[in-house]
């Protein structure tokens, strides 16, 4: 209901769009100061497997990425202590070894090899930290012959290798200014092999802080998205709403993806997870995200979303999901570009649809369009990192910020639609209520006028009093039928209307109606919605009066919690439990039948159904009815403290 296509047909409100844009810019600036600046590290490029870092005093902080030319030994695990092994070439890091030419042909994905880099550092550098990324698919890292870190177990065959993706931090106390880094890597379980990300080296505390900030950013995104996903999924169950279900599932699978990429925070939640499960989660969340993202925008902008495009994205995503479930990581990882294409097409299609809606003049679409564009740009940036086209690793986390902005834009849309739908529903109910309120039953008016006419000759004084009562009653009717929605009336004034009504009815029924009051003094000045008490008294007369004397008691009491309780009790004919159970259904049918017959009279006065609607609408309280056959009826209204 609330996530349907925007209701408002107003022209785009540029002021609101500008305000939201400024807010997002402020958010980006804050993000840059808190996260981006901490994540941005310089890159030092090696030449001929050597890099000179003597000018950097790591003891005072700082860290750098190690990139450039590393010595490479394909299909060999060299002795980390030996200096006799000659490299068979140099390989640019970070990059895949798939295209490295060995023996006249590309090496391919499957294989193993060694990387070597010599580093010169300043004296008295102090303890160094190394942030180690994933290396496909297992590795061992040595410094000056000492084993510093290991992920999985590198091997010379698929049977020997134990793959593992687990970023981490290692430490080393240099005893010399010359550092000899040797990395053994093997890959038999993925379509990409080699060192595809840079190692970060620097001051221990700075490297640890860098790792913690990146993890904190991932945890923040995971936490926010998890809360939003739970809210949307629960809401979809309550409202049976497909768009909110789709957006909730998109957030859920985005959470799954965030915990298995970059810093892979899933290792903070589980003791062990297999390489195959990790790879399958990383890849399957892409088509799942694209699928539910597309579903969300299709059902939200159903009239503008091309059905063929929707079916195409849905079918392609489902095929990729099935393929990821049945194939091995070594197989489905070869088609990573198809997974990326699926996501980019889904994001682009959403931008096109929202842009068309924005052009049509839907103001809420402007904010949504901004979120969609940022998410698309962030996805493109992420793609460049996957394809190793960008070395600025700090920008790889921009996706998290863009995703949060996108979600907040959707929350803005949800808020706008909730507000619009609530206003529309309220206006509809109030229109119905005013239509009911504006009707005065012709029979009632005719009877009063006939009584006045009879009394003019026989009892002029009584006819004058009755005319005054009618004038007061009609004046109140017209006054409160033409006022604004928020107009209120005091309990004392409402009781005056009740007295006028009973006086007119007593002229008709020969004073057979006995009206009594039990009113707490402090209740008289309490303000309530008009015509909530009088219709109950009218109902008592119309349905409780059997020709004999009818006693009606109107009471108003203030409870200890500040609530005001008003009740109207009569000793009339009453109702059985069966009649009481069906009273609202019968009134609804009577109202619909009269509308079909063109009868706009109020029928049962305002009726219990009308009173109930107004109490629910304005006070979020239901009415209470107690009735026994032959012993009368009591209707109770409870008004909150404010």
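The values are calculated or read from the model by the stated rules, or taken from the named source; none is laboratory data. These figures come from a predicted structure and were not determined experimentally. Note: ideal-geometry Cβ built from the backbone for every residue, glycine included; neighbour counts use all protein chains shown.
General observations
- Residues in the range 60-81 that are closer than 21 Å to residue 47 by Cα and without any contact (Cβ under 8 Å) to a residue 60 or more places away in the chain: 6 in all.
- Matching entry among 95, 125 (being touching a residue at least 40 places away in the same chain (Cβ under 8 Å) and within 28 Å of residue 175 (Cβ to Cβ)): 125
- Selected residue (only one of 126, 108 is within 28 Å of residue 213 (Cβ to Cβ) and in a loop (DSSP other than H, G, I, E, B)): 126
- The residue list 188, 210 contains one member that is over 30 Å from residue 122 (Cα atoms), surrounded by fewer than 23 Cβ atoms within 10 Å (Cβ to Cβ) and in contact (Cβ under 8 Å) with a residue 24 or more places away in the chain, which is 188.
- Sole residue being in contact with a strand residue (DSSP E or B) (Cβ under 6 Å, 6 or more places away or on another chain), in a loop (DSSP other than H, G, I, E, B) and either exposed (fewer than 14 other Cβ atoms within 10 Å of the Cβ) or not assigned by TED's automatic domain parsing to the domain that holds residue 262 (or both), chosen from 51, 78: 78
- Qualifying position, being modelled with pLDDT of 85 or more and within 26 Å of residue 563 (Cβ to Cβ), among 483, 498: 498
- Subset of the range 483-522 [surrounded by 16 or more Cβ atoms within 10 Å (Cβ to Cβ) and over 28 Å from residue 452 (Cβ atoms)]: 491
- The residue that is modelled with the highest pLDDT, counting only those in the range 214-252 that are closer than 30 Å to residue 200 by Cα and surrounded by 18 or more Cβ atoms within 10 Å (Cβ to Cβ), is 222.
- Checking each residue in the range 90-119 for being surrounded by 14 or more Cβ atoms within 10 Å (Cβ to Cβ) and more than 50 Å from the chain's Cα centre (by Cα) picks out 102, 118.
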